[in-house]
Amino acid sequence: MMEPSFNEVGTNLYCEKPRMWNVLSVTVIVFCVVLSRSAIAAPDNGSAGESHQKESPPAEHKKKPDEKKPDAEPKSTDTGPKHAPDEKAVKSEEPPSAIPKTEDTGGKKAVTSLNLAIKLALMANPSLFPFEMEVELDGHKAVLTGAVSSEDEKIQATEIIRKIEGVESVVNKLTVAPVLRSTLAKKQDDAIMYYVKDRLSRSETLKAVGFEVTSENGVVSLSGKTRFQVIALEAAEAARHVPGVRAVNTDAVQITGKE
């Protein structure tokens, strides 16, 4: 290869210088444009900062009402003691049932009657309890009417009334009817028979047997047929729990096989 001559080299250098200057000039222009843009953007940021600072005071003004809230809390403590009268008012509005009744009834006297006291004393005696007697008062004088079954019972009624406080004299007009006690005993036996039958009907086993029931002076008699003696015992146990029953007789119950 042939080496370039001096003239050719100089010519090439001369031609390349304008290109280099062009590049440098373009670089400088770009740099200036960038600086100008940054300078233009700086005032915008400052104005934004100033606007932000100008807007901040309203925020402080908004916080001032919040800062006054602690001052409002002590006011609630000042009004606290005033609730005590309200609690008393609530207690005073409680229903009247909560108030003890002893205060209302403590000053009242007990309601009693001499007539009632005499009747209760006669009913407390076992011998006179079955009989119906009436008592009338004429001042402090007691007038007794009705019927008993014996003369002893009539005298006994007079003695009971004389012992009651407030009675000065007794007029005994009771009649003596010996049949009266047997009549009362018959009524009692009828009641016993009714209640014994009712108890036997509550058991399906005893109801199926169909026991006959009688009563005389409180002695109950059962009759009927059954294959099992334990059923007769069950019937007697049921009858013995009826008030007024003095004994239970099962002699008439037949223990037989199935016919």
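Laboratory data are not the source of any read-out in this text; all were calculated from the coordinates shown. Because the structure is predicted, anything quoted here is derived from the model rather than measured. Cβ sites come from the backbone with ideal geometry, for glycine too, and all protein chains shown count toward neighbours.
Quick check on K197: is it exposed (fewer than 12 other Cβ atoms within 10 Å of the Cβ), among the charged types (D, E, K, R) and under 48 Å from the mean Cα position of the chain (by Cα)? So K197 fails the test. Evaluating K187 against the criteria (1) of a type outside the set (V, I, T); (2) in contact with a helix residue (DSSP H, G or I) (Cβ under 6 Å, 6 or more places away or on another chain); (3) within 30 Å of A232 (Cβ to Cβ) leaves one unmet condition, (2).
Among the residues of segment 174-193, the ones that are in contact with a strand residue (DSSP E or B) (Cβ under 9 Å, 6 or more places away or on another chain) and among the hydroxyl-bearing types (S, T, Y) come to 1 in all. Considering E165, E134, E159, the condition of being in contact with a Gly (Cβ under 7 Å, 6 or more places away or on another chain), within 26 Å of L116 (Cβ to Cβ) and of a type in the set (D, E) is satisfied by E134 alone. Of all residues in segment 114-153, those satisfying the criterion of being under 23 Å from Q188 (Cβ atoms), assigned to a helix (DSSP H, G or I) and touching a strand residue (DSSP E or B) at 6+ places or on another chain (Cβ under 7 Å) are K119, L122, E151. Of all residues in segment 224-241, exactly one satisfies the criterion of being out of contact with any strand residue (DSSP E or B) (no Cβ under 8 Å at 6 or more places or on another chain), surrounded by 14 or more Cβ atoms within 10 Å (Cβ to Cβ) and within 29 Å of P126 (Cβ to Cβ), namely A238.
Taken over segment 227-251, the criterion of being closer than 14 Å to S203 by Cα and either acidic (D, E) or free of Cβ contacts under 8 Å to residues at least 40 places away in the same chain (or both) is satisfied by V230, I231, A232, L233, E234, A235, A236, E237. The set of residues in segment 190-214 that are small (G, A, S) and over 15 Å from V253 (Cα atoms) comprises A191, S201, S203.
Yes or no: V253 within 46 Å of the chain's Cα centre (by Cα), not aromatic (F, W, Y) and not in a helix (DSSP H, G or I)? Judged against the criteria, V253 is not a match. With the requirement that a residue be of a type outside the set (K, R), within 48 Å of the chain's Cα centre (by Cα) and exposed (fewer than 12 other Cβ atoms within 10 Å of the Cβ), what does segment 172-194 give you? Selection gives D190 alone.
Just one residue in the set S169, S221 is surrounded by 12 or more Cβ atoms within 10 Å (Cβ to Cβ), among the hydroxyl-bearing types (S, T, Y) and closer than 30 Å to D138 by Cα; that residue is S169. Only residues that are within 15 Å of Y194 (Cα to Cα) and loosely packed, with under 12 Cβ neighbours inside 10 Å were counted across segment 242-255, and they come to 1.
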